[in-house]
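Notes follow the structure.
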Amino acid sequence: MLRVGILTSGGDCQGLNAAIRAVGKALYLEFGKDVEIYGLRDGYKGLITGDVWKMTPNDFSGIINLGGTILGTSREPYKLLISGTPEAKEKIEGMKSTYKKLKLDCLVILGGNGTHKTANLLSELGMHVITLPKTIDNDLWGTDVTFGFQSAVAVAANVLDSIHTTATSHGRVFIVEIMGHKVGWLTLYAGIAGSANAILLPEIPYDTKVLARMIDKRSKNGKRFSIIAIAEGAMSKDEAKLNKREFRSKREQQAYPSVAYQLADELGQLTGHEVRVAVPGHIQRGGSPCPYDRVLATRFGAAAAKLIADKNWGNMVGMRDGVIVPVPLKEVAGKLKTVPLDNDVIQTARDIGITFGDK
């Protein structure tokens, strides 16, 4: 009897249920009654506490278009798990105990960067682990794309589309703050799709005066509005000169709830224009997955089942050049896929007149 545990960890996103469905359906098709699948509730928390239920084929039916995760999710910070404190040691022992108690042959883990660090730790502890790459940030190393990304792009682009009408009607400058603390893939793609005039990424520090000149130029050319798509983690050129400690201290002391509001105040003073901020927030990772993500998550899930059948443990299922491939967890954990400055998508944006606030 093959026994497989499955969990989702970290922030939720579109496509999780589609991937879970594909894993279950492919395993049942391959092994029939010779496989048992156990759902671990609320991420690593379920593995720690043993909060588990034995799933049936019906649990994997009718969920391909369902947002969120039927397994529930939570965050279990990797840094705390390896801190060496009594609590951390107890949690790791709890994970090992649940794995052994259920007599699992494999653990399928769906998650992003932090999740993969912990998944690699469990693999190094001797557990058989297969992972699937989910995150709206598309920042996991080792795969060209993660499921959840395209769905979030569609949501964010729709927000930008909607902002255009009110910005035009009132002749305002709008700043739309898009998710992405460390990388700008989501803001880059949504900004282009949503016809933003400026796109601000964590990878490209911006100059507020450059943005002010862009707004003034558009105004002189008869454009009543300007729209700026900014990533949560975007920073000014002055902030980029600070070390991590100084930067953190500056952000903690600022009077603004986020970088978008700070920029809005600065641009309002420089240009005299009315500047408003829109923050779609968690809407970007909510709702039903787009068709692309349903297909991608299904491909990843089916590939995970194949790795299990082949006993090819210790891998993340990834996509490279359009091909689904296994990627060793040790190569993925702890690495971040940022937007390269020479990325052709950035150049495309520049070629059609979008500014990144740097020049």
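Some points to look at:
- Of all DSSP beta bridges in the chain, antiparallel share, percent nearest 5: 25
- Approximate spin-label separation Ala193-Gln254, in nm, with each point projected 7 Å along Cα-to-Cβ: 2.7
- By average C-beta atoms within 10 angstrom, highest first, the peptides 4-14, 159-169: 4-14, 159-169
- Every helix of 4 or more DSSP H residues in the chain counts as -39500 (n - 2.57), and over all residues that averages to -13000 deg cm²/dmol at 222 nm.
- For the stretch 8-91, with +1 on Lys and Arg beta carbons and -1 on Asp and Glu, the positive-most of Leu80, Leu40, Leu29 along the dipole: Leu80
- DSSP bridge orientation in the stretch 146-297 - percent antiparallel, rounded to nearest 5: 0
- Listed residues Gln262, Gln253, Gln347, most fluctuating in the chain (Gaussian network, C-alpha, under 10 Å): Gln253
- Across the chain, the mean sequence separation of Cα contacts (distance under 8 Å, 6 or more residues apart), normalised by length, yields a relative contact order of 24 percent.
- Only protein atoms count toward the accessible area here, which uses a 1.4 Å probe; on the chain, the carbon and sulfur part of that area reaches 51 percent.
- Remark: relative contact order (the stretch 152-268) = 31 percent; criterion is Cα-Cα distance under 8 angstrom and separation of 6 or more residues.
- A 1.4 Å probe run over the protein chains yields, for the stretch 43-196, 40 Å² of accessible area per residue, whole-number rounding.
- With contacts taken as Cα pairs under 8 Å at a separation of at least 6 residues, the stretch 1-144 carries a relative contact order of 32 percent.
- Note on Lys223 and Leu80: with the Förster distance fixed at 56 Å, the Cβ-Cβ geometry gives a FRET efficiency of about 0.70.
- Nearby lysines by direct alpha-carbon distance to Lys237 (threshold 23 angstrom, same-chain neighbours under 8 apart not counted): Lys182, Lys209, Lys217, Lys250, Lys337, Lys359
- Span-like helix ranges in the chain, DSSP H, alpha carbon extent 24 angstrom or more, Kyte mean at least -1.0: 149-170, 291-309
- Packing-based ranking of 350-357, 46-53 yields 46-53, 350-357, ordered from highest to lowest mean Cβ neighbour count within 10 Å.
- For the chain, with +1 on Lys and Arg beta carbons and -1 on Asp and Glu, the positive-most of Ser9, Leu140, Ala304 along the dipole: Ser9
- Point-to-point label distance, Asp161-Glu87, nm (Cα→Cβ direction, 7 Å offset): 4.5
- Stretch gain in nm, segment Asp342-Leu29, where the contour uses 0.36 nm per residue and the Cα spacing is subtracted: 108.2 nm
- Annotated for the stretch 16-91: lysine pairs at least 8 residues apart or interchain, Cα distance under 19 Å, count 9.
- Candidate aspartates and glutamates for bridging to Lys220, where Cα separation is under 16 Å - those fewer than 8 sequence places away on the same chain excluded: Glu274
- Overall, the stretch 1-137 carries a charge dipole of about 140 debye about its Cα centre when +1 sits on the Cβ of Lys and Arg and -1 on the Cβ of Asp and Glu, all other atoms neutral.
- Amide hydrogen neighbours beyond the local backbone of Glu36, cut-off 5 Å, H modeled: Leu2, Arg3, Val4
- Charged-residue dipole, Cβ positions (Lys, Arg, Asp, Glu), the stretch 96-194 about Cα centre, Debye nearest 20: 500
- Assuming charge only on the beta carbon of Lys and Arg (+1) and of Asp and Glu (-1), the dipole of the stretch 164-301 about its Cα centre is about 240 debye to the nearest 20.
The values are calculated or read from the model by the stated rules, or taken from the named source; none is laboratory data. Just so it is clear, the model here is predicted, and its values are computed rather than measured. Reconstructed Cβ throughout: ideal geometry from the backbone, glycine too, with neighbour counts over all protein chains shown. Surface accessibility is based on the protein's heavy atoms, side chains included, excluding ligands, DNA and RNA. Shrake-Rupley method; radii C 1.70, N 1.55, O 1.52, S 1.80 Å.
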